[in-house]
């Protein structure tokens with residue numbers, strides 16, 4: 001019998017078009033959708049056509065991937081203002097977590113974390129993701145001091161040789177979301193069928209160590225490849241005695 005279960009998630013960008021069309025394409029295949037609010041200017045202009053009320057009535061849960069173009073050079077307060085404005089647009093969907101690409105500066109991250117909490121957000125709902133420019137080492141003290149969460153991207157671990165991240169104290173306990181795909185290369189995120197054997201071993205280890213109930217987002221931005229990656233993930237999970245809901 002499976003000993004652990006995880007929430008299967010997909011990104012709100014697997015087809016050209018608005019969020020509602022993407023959610024409709026995903027809703028029979030996932031339990032959670034990651035809202036990919038990658039471009040701040042565009043997303044701040046979202047209307048009810050982009051985020052209609054009916055998104056709250058389809059039985060799915062949600063999390064938010066915050067913009068990739070946040071202007072940290074303008075300071076933590078500016079970034080918080082943008083993020084808070086976006087969060088107000090999605091609040092009716094009750095997102096469980098918010099993924100942030102951290103700044104290079106621990107000081108900026110500390111200021112943002114304080115402002116985040118001042119707005120009433122729970123610290124553990126702010127998930128810092130390991131990215132090309134950060135393996136989270138620079139901000140690890142802030143993560144611990146503020147009890148922030150982690151979004152662990154396994155493709156970034158492999159592409160940017162961030163394996164040391166997996167050995168950090170309590171990282172697995174802090175991880176409530178992982179990004180899964182085959183690899184990151186010049187063409188973007190490859191489907192899961194291209195994952196290496198060592199990548200499979202790493203994924204197995206991570207799933208074995210993170211909390212049951214964590215979300216696993218297949219971060220593949222093409223519907224056919226997403227569905228094929230889902231099939232492969234479920235096959236691997238079944239062989240490991242794990243399940244997805």
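Values in this text are rule-based calculations from the coordinates and carry no lab data. From a predicted model like this one, the values you see are computed outputs, not experimental measurements. Heads up, the Cβs are rebuilt from the backbone with ideal geometry, glycines too, and the neighbour counts pull from every protein chain shown.
Only counting other Cβ atoms within 10 Å, I'd like 60, 201 sorted with the fewest neighbours first.
Details: 60 17, 201 10.
Going from least to most buried by this count: 201, 60.
How big is the gap, in Å, between the Cα center of segment 105-159 and the Cα center of segment 84-103?
14
With label points built 7 Å along Cα→Cβ from the Cα atoms of residue 201 and residue 73, find their separation and express it in nm.
4.3
So between residue 94 and residue 144, what do we pick up on full extension, going 0.36 nm a residue minus the alpha carbon distance?
Gain on stretching residue 94 to residue 144: 15.5 nm.
Please express the shape of segment 4-244 as an equivalent ellipsoid: the semi-axes are the square roots of 5 times the eigenvalues of the C-alpha gyration tensor, given largest first in whole angstrom. It would help to have the intermediate numbers written out before the result.
Values: eigenvalues 130, 107, 51 Å².
After diagonalising the Cα gyration tensor, the semi-axes are 26, 23, 16 Å.
Over the chain, with a Gaussian network built from C-alpha contacts below 10 Å, which listed residue (54, 110, 235) shows the highest mean-square fluctuation?
For the chain, modelled as a Gaussian network with Cα springs under 10 Å, the answer is 54.
Looking at the chain, what % of its DSSP beta bridges pair antiparallel, to the nearest 5?
About 10 percent, rounded to the nearest 5.
Residue 231 to residue 118: FRET efficiency via 1/(1 + (r/R0)^6), r the Cβ-Cβ distance, R0 45 Å, to the nearest 0.05?
0.55
Which residues does a label at residue 46 reach in segment 63-91, if reach means a backbone N under 19 Å from a point 7 Å past the Cα toward the Cβ?
So the set is 63-71, 79-91.
Where does the chain land at 222 nm, in deg cm²/dmol rounded to the nearest 500, when only DSSP H runs of n ≥ 4 count, each adding -39500 (n - 2.57), divided by all residues?
Values: 9 runs with 88 residues, N = 245.
Calculated from helices alone, the mean residue ellipticity at 222 nm is -10500 deg cm²/dmol.
When only C-alpha pairs under 8 Å and at least 6 residues apart count, what is the relative contact order of segment 4-244, in percent?
This gives 21 percent for segment 4-244.
How much length is gained on full extension from residue 81 to residue 38, taking 0.36 nm per residue of separation minus their Cα-Cα distance?
Fully extending the segment from residue 81 to residue 38 adds 13.9 nm.
Sorted by packing (mean other beta-carbon atoms within 10 Å per residue), highest first, where do 182-193, 135-146 land? Spell out each step's value before the answer.
Details: 182-193: 15.8, 135-146: 17.8.
Peptide ranking by packing, descending: 135-146, 182-193.
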